[in-house]
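What follows is one structure encoded as C-alpha cells, with my remarks underneath.
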Amino acid sequence: MTSESTSPQVVPPLHSPKSPVWPTFPFHREGSRVWERGGVPPRDLPSPLPTKRTRTYSATARASAGPVFKGVCKQFSRSQGHGFITPENGSEDIFVHVSDIEGEYVPVEGDEVTYKMCPIPPKNQKFQAVEVVLTQLAPHTPHETWSGQVVGS
C-alpha cells in the first residue's frame, strides 16, 4: 500500500497591479509651462489649491453675499487654469481660478470683468476673484469659447 499524502494545494495570494491608479500631480498637459519645464516641485504650488470645488460652503456663501467689484483681466492662461485681474480701484492684482469664471468665453488681456472676492486659505490674508463675469470683451482681440471655437470681437 502506498500512502499518498493529500496536502491541500497552496494558492498564491492575489496582488494588485504595480501601476499607479491615481495620476500624479501636477497633471502634465501639452502647451502648459509645467510640461515644458519638466515639472514643478510640489512646494511651489499653492496648497490647498483654491478652487470652487474645494471652498467651504460658508466661504462661498460669504463671497456671494459680498459686494461686486469691477476690473480688467491682466493675464489668464487657459493651460495653467488661472490668471490675474487688475481691480478698477488700482489695488493689488487679484488671483482668479478657471473654476470661478462664468460664461462662455475664455478671458484675455483687456477684458472688463465683474467679480466678488473670497479670502485664500490658510491665512486668509490674500483674496481671489470668484463669480467672475466678462462684461466687455477686449476690442479687436480674438476670443475663444471653452469648447475651443475662436470668435473675433
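Could you please state how large a percent of the accessible area of the range 55-138 is carbon and sulfur, counting protein chains only and using a 1.4 Å probe? Provide the component values of the computation, followed by the final result.
Numbers: 2510 of 4600 Å².
Answer for the range 55-138: carbon and sulfur cover 55 percent of the accessible area.
By average Cβ neighbour count within 10 Å, what is the ranking of 113-123, 66-76 from highest down?
Going from most to least packed, we get 113-123, 66-76.
With every protein chain present, what accessible area does Ser91 have (1.4 Å probe, heavy atoms only), rounded to the nearest 10 Å²?
Accessible area, nearest 10 Å²: 60 Å².
Suppose a student asked you for the relative contact order of the range 76-123, using Cα pairs under 8 Å spaced at least 6 residues apart; what percent would you report?
28
How many Å² of accessible area per residue for the range 55-138, probe 1.4 Å?
Ligands and nucleic acids excluded, the result is 55 Å² per residue.
Would you please give the residues with an amide H less than 5 Å from that of Val72, counting only those at least 5 places away or on a separate chain, with H modeled from the backbone geometry?
Thr86, Glu88, Val113
Testing the spin-label approximation: label points 7 Å from Cα along Cα→Cβ at Asn124 and Thr56. State their distance in nm.
The two pseudo-label positions are separated by 0.7 nm.
By the scheme Lys and Arg +1, Asp and Glu -1, what is the net charge of all other residues having a beta-carbon under 10 Å from that of Val106? Walk me through the numbers on the way to the answer.
Values: positive: Arg78; negative: Glu104, Asp111, Glu144.
Residues near Val106 contribute -2 overall.
Between Thr145 and Ser91, what FRET efficiency comes out of the Förster formula 1/(1 + (r/R0)^6) with R0 = 41 Å and r the beta carbon distance, rounded to 0.05? Write down the numbers at each step before the final one.
Values: r = 31 Å, r/R0 = 0.75.
FRET efficiency, Ser91 to Thr145: 0.85.
Picking from Ser58, Ile120, Pro107, whose Cα lies most toward the positive end of the charge dipole for the range 58-120 (charges on Cβ: Lys, Arg +1; Asp, Glu -1)?
Selected residue: Ser58.
Under the rule of at least 5 residues apart or a separate chain, name every residue whose amide H is placed under 5 Å from the amide H of Met117.
The answer is Val130.
The values are calculated or read from the model by the stated rules, or taken from the named source; none is laboratory data. Predicted model, so just to flag it, every value in this text is computed and none were measured. Here the Cβ is made from the backbone with ideal geometry for all residues, glycine too, and neighbour counts use every protein chain on show. The area values use the complete protein model at the heavy-atom level, side chains included, leaving out ligands, DNA and RNA. Shrake-Rupley method; radii C 1.70, N 1.55, O 1.52, S 1.80 Å.
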